[in-house]
1. Find the eigenvalues of the gyration tensor of the Cα atoms of the chain, then list the square roots of 5 times those eigenvalues as equivalent ellipsoid semi-axes, largest first, in whole angstrom.
2. With both bridge residues required to lie in the chain, what share of the DSSP beta bridges run antiparallel, to the nearest 5%?
3. Highest first, please rank the peptides 370-382, 99-111 by the mean number of other Cβ atoms sitting within 10 Å of their residues.
4. For LYS78, go through the lysines and keep the ones whose alpha-carbon is under 30 Å away, minus same-chain ones fewer than eight residues off.
5. Using Cα springs under 10 Å in a Gaussian network model of the chain, which residue among LEU218, LEU89, LEU258 shows the largest mean-square fluctuation?
6. Evaluate E = 1/(1 + (r/R0)^6) for GLU319 and ARG27, where r is the Cβ-Cβ distance and R0 equals 56 Å; express this FRET efficiency to the nearest 0.05.
7. Could you tell me how far the Cα centroid of region 92-108 sits from the Cα centroid of region 351-419, in Å?
8. Over region 260-417, what relative contact order in percent results from Cα pairs under 8 Å that are six or more residues apart?
Amino acid sequence: MKVSVIVIGDEILLGQVTDTNSGDIARHMAPYGWEVGDVQAVGDEADEIRLAIDRAFELSDVVLTTGGLGPTKDDITKGVMRDYFGGELREDPAVLDNVKDVVSRRGFRINNLTAAQAIVPTSCRVIQNRVGTAPIMWFEKGGKVLVAMPGVPFETREMFTSEVFPQLRGKFKTDVDIEHAVLMVTDYTESALAEKIAPWEEALPEYLHLAYLPKPGLIRLRIDGAHRDRDFIASEVKRAAGELAAMLGDAVIATEDLTPAQILLQRCRELGLTLATAESCTGGNIAHELTLIPGSSDVFAGSVVSYSNDVKMGLLGVERETLEANGAVSLPVVREMAEGALRAVGAHVAVATSGIAGPGGGSEEKPVGTVCMAAAVTAPDGMTVCEAETHHFPGNRQRVIEASTTRVLIKAIKLLRAM
């Protein structure tokens, strides 16, 4: 099933807001065999929205819109939908009760503009928005469906996954079963990986498909299978995943769709180990990735963001002589940072980073993007094993930080796997 998405809002076209909704929608639907076949971005202009809907319905039986449902005068989507699908705008008492409840839970009092969110076209079926004030509107025309959703990403994500998509799947049923398997692969570039497995991939039967989903330092390989026989396709996907995992060996760090942070936390949990971070150039981003995961508190003990050399020395015990002899961005320093984090936080496992994220601060010897990192583990015999390496990451400051975060987490995963 192919779906068209229309992203509505002048702020999107002006670059003031980045569209993340279409990506979230696509990622959620993909495991069920649904695809986003088309994405349009239009401003808050009635004729543009109508033309976009016409085009979307030519391409798909399901159209999803995001944005333009706010209480201010520039949000005109509701009126456009009334004109397009017919009916009239009326206050819906159930929507008003929901809006009052949402506003009350946020600790505010409802005003006239917010109350106006309860005015909806009579031609729609309302899906109550539990996490926001803009109601979700379901329209049908000629056997096709348009669902108008809010533009606030967390509202769209929550309501699409919990309410909208399940209802769409119920209306547009299929007798084809979809099965998936995921391998998380490191130590390869996308092109090198594709070259290595090319003969295997070319031999895949037509009911199996392989997708490459790369991020800096990590490639997510997803095997999709579609067939009317559920047991058959489940067996075939499992067989293909096993073949691919055997072919790639230690480069596969997980056979589940997990982030490096999730994989590391899971491994530490299995071994009964606690985890700490010592961060300089990543500025707490590693700890952030870890604590985004529910339940991480039983493994993650704490972090030292040692941006300055004084903090590196004072809290982590990095020797002044080590810093003076090697500089903060060096393998000896990150080794001492990781080992110091073990002591300072009282953890069993620690990772450390120190680098030059840019855009300034680089030199000929250590250009922007140079990052030293280490992972340390206290073994059951009380001995500490510490491994360190240097990387040179391309891109802007954010990309360097994200790539460093991913790479050092993977380093810790591999160090624990060797235990």
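1. In descending order the semi-axes read 46, 29, 20 Å.
2. Working: 46 of 73 bridges.
Looking only at bridges with both residues in the chain, the antiparallel portion is about 65 percent.
3. Most protected by this proxy first, the peptides run 370-382, 99-111.
4. LYS2, LYS100, LYS141, LYS144, LYS171, LYS173
5. Fluctuation is largest for LEU89.
6. Once the sixth-power term is evaluated, E becomes 0.75.
7. 48 Å
8. Values: 335 pairs, mean separation 38.3, N = 158.
Relative contact order comes out at 24 percent.
The values are calculated or read from the model by the stated rules, or taken from the named source; none is laboratory data. Since the structure is predicted, the reported quantities are computational estimates derived from the model, not experimental observations. All Cβ positions, even for glycine, are placed from backbone atoms using ideal geometry, and neighbour counts span all protein chains on display. Each accessible area value is taken on the protein alone, full model and side chains, heavy atoms only, with ligands, DNA and RNA left out. Shrake-Rupley method; radii C 1.70, N 1.55, O 1.52, S 1.80 Å.
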